[in-house]
Amino acid sequence: MAKQSSLKRVKTSAKVRLRNRKKKATIKTAIKEFDKVIEEKDLELAKQLLINCVSLLDKAKSKKIFHKTKVNRIKSKLSEKLNTLSQSL
């Protein structure tokens with residue numbers, strides 16, 4: 001028979017997994033919205049969305065939803081997209 005602590009651990013890890021999936025989905029949606037604005041070549045809105053994406057990614061990094069190097073890599077790619085847009089305009 002399973003111990004009480006192992007059963008509790010299964011419940012809590014399921015809750016944490018669900019919470020992390022929601023956060024990841026929110027971040028992915030924000031990044032997709034940023035990419036869409038980059039395609040439309042709206043520089044001002046893209047800057048606003050970049051700040052939002054970076055904020056969400058940093059919060060996820062601090063809560064260990066994403067690894068810190070993955071977050072840095074994503075932020076770098078987003079910044080690079082914004083810089084290429086600003087240079088093309």
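Please pick out the residue among LYS41, LYS75, LYS61, LYS68 that is out of contact with any Pro (no Cβ under 7 Å at 6 or more places or on another chain), at negative phi and in contact (Cβ under 8 Å) with a residue 12 or more places away in the chain.
That would be LYS75, the only listed residue that is out of contact with any Pro (no Cβ under 7 Å at 6 or more places or on another chain), at negative phi and in contact (Cβ under 8 Å) with a residue 12 or more places away in the chain.
State yes or no: is LEU89 in contact (Cβ under 8 Å) with a residue 24 or more places away in the chain and either surrounded by 11 or more Cβ atoms within 10 Å (Cβ to Cβ) or within 11 Å of the chain's Cα centre (by Cα) (or both)?
no
Of all residues in the range 51-80, count the ones that are under 13 Å from ILE31 (Cβ atoms) and crowded, with 16+ Cβ neighbours inside 10 Å.
Within the range 51-80, residues that are under 13 Å from ILE31 (Cβ atoms) and crowded, with 16+ Cβ neighbours inside 10 Å number 10.
Of everything in the range 4-39, what is at pLDDT 95 or above, out of contact with any Leu (no Cβ under 8 Å at 6 or more places or on another chain) and hydroxyl-bearing (Ser, Thr, Tyr)? Give them in sequence order.
THR12, SER13, THR29
The values are calculated or read from the model by the stated rules, or taken from the named source; none is laboratory data. If you're wondering where the values come from, they're calculated on a predicted model, not measured in any experiment. Because the Cβ atoms are built from the backbone with ideal geometry, glycine has one as well, and the counts that use them run over all protein chains shown.
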